[in-house]
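Right, one structure below, let's go through it.
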Amino acid sequence: TLHHRFAVAAGDEAGARWLADATDANSHAELEQLKRTAEQWSDLDGLLLSFEDSVRVQGPPELVYDFLYRAGDWPVHLPEVTRAHVAEDRTGVQLLTMDTRAADGTTDTSESVRVCFPHAGRIVYKRTSTPRLLAAHTGEWSVDPDETGVTAVASHQVLLRAEDIEPVLGPGADLAQARDHVRRALGGACTRVLHLARRHAETAVPTLSARR
């Protein structure tokens, strides 16, 4: 059971009707998702997938973070990313819309909300639109300096959608194949970004030194 209580400005009957309708629609969607999750509880261990990839960098952590932060520039460096638009109406909170071309020539458009913490070297995100196989996807970019260099890490938490495994991967595909497919696809894409961030940081060091 989900209860709501709200108030609107006096005399705003249209606003009250809109808010009641929106709340009702959202409540049904939330309860339906809760129902689906609860009914597949015994399968969640297999459907949940967490993993990370890392790259060592011999360069300034600020430059590694800078590359990860400026996602709008990624199409210049990644041929599979055909468009990336970042809206940042509030500093540190980004809405990233990105078009990615798959090996078969199709284009996937994704949207993510990214919250950026430059002093901590972290960018956390949640995809607000996901490809068919993924029910949910959250992740984090982190830049961790130590006495010998920097470790740049891409981590993911994914919930697979079981009913889409065969439609996406083909007849007979199972959960193990879906987990492997998602691990390779997401891990490979983000590892390429990490290597580009490393190159951005390492090649800038001589330039910075020369300018001094």
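The values are calculated or read from the model by the stated rules, or taken from the named source; none is laboratory data. What you are looking at is a predicted structure, and each value in this text was computed from that prediction instead of being measured. Note that each Cβ is placed from the backbone with ideal geometry, even for glycine, and that neighbours are counted across all protein chains shown. Protein only, heavy atoms only, side chains kept; ligands, DNA and RNA dropped before computing areas. Shrake-Rupley method; radii C 1.70, N 1.55, O 1.52, S 1.80 Å.
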Area accessible to solvent at SER50, 1.4 Å probe radius, in Å²: 90 Å²
Gaussian network model of the chain, springs between alpha carbon atoms under 10 Å - residue of THR37, THR130, THR23 with greatest fluctuation: THR23
Theoretical ellipticity at 222 nm over the chain - DSSP helices of four or more residues, -39500 (n - 2.57) apiece, nearest 500: -13000 deg cm²/dmol
Structure-derived percent of Cα pairs over 33 Å apart: which label, when the choices are [x] 27; [y] 31; [z] 10: [y]
Candidates GLY170, GLY46, GLY139: whichever shows maximal mean-square fluctuation once the chain is modelled as a Gaussian network with Cα springs under 10 Å: GLY170
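Computing the accessible area with a 1.4 Å probe over protein heavy atoms, can you report the carbon and sulfur percentage for the stretch 100-155? Display every interim value, and only then the final one.
On the way: 1540 of 2860 Å².
Accessible surface attributable to carbon and sulfur in the stretch 100-155 totals 54 percent.
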Cα centre as origin, Lys/Arg/Asp/Glu Cβ charges: the stretch 46-210 dipole, Debye: 100 debye
Selection from LEU19, LEU78, THR107 lying farthest towards where the dipole of the chain points positive, charges on Cβ: LEU78
Backbone HN-Hα couplings from phi across the stretch 181-193 [Karplus 6.51/-1.76/1.60, Hz, Gly and Pro as x]: 4, 5, 4, 6, 5, 5, x, x, 5, 6, 5, 4, 5
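Restricting to Cα pairs below 8 Å that are 6+ residues apart, what does the relative contact order work out to for the chain? Please round to a whole percent. Can you show the working numbers first?
Numbers: 318 pairs, mean separation 48.6, N = 212.
Once divided by the residue count of the chain, the mean separation gives 23 percent.
If R₀ is 30 angstrom, what is the calculated FRET efficiency for the pair THR203 and VAL168, using the beta carbon separation as r and rounding to 0.05? Could you put the intermediate results ahead of the total?
On the way: r = 38 Å, r/R0 = 1.28.
For R0 = 30 Å, the calculated efficiency reads 0.20.
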For the chain: accessible area per residue (Å², 1.4 Å): 61 Å²
Gaussian network model of the chain, springs between alpha carbon atoms under 10 Å - residue of ALA87, ALA16, ALA173 with greatest fluctuation: ALA16
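Take the Cβ-Cβ distance between ALA16 and THR138 as r, set R0 to 41 Å, and report the resulting FRET efficiency rounded to the nearest 0.05. Before the final figure, lay out each step's value.
Details: r = 35 Å, r/R0 = 0.84.
FRET efficiency, ALA16 to THR138: 0.75.
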Cβ-defined net charge surrounding VAL64, 11 Å radius [Lys, Arg +1; Asp, Glu -1]: -1
GLN177-ASP104 pseudo-label distance in nm [points 7 Å out on the Cα-to-Cβ vector]: 1.3 nm
Shape call, the stretch 86-212: gyration tensor on alpha carbons, a/c limit 1.5: prolate
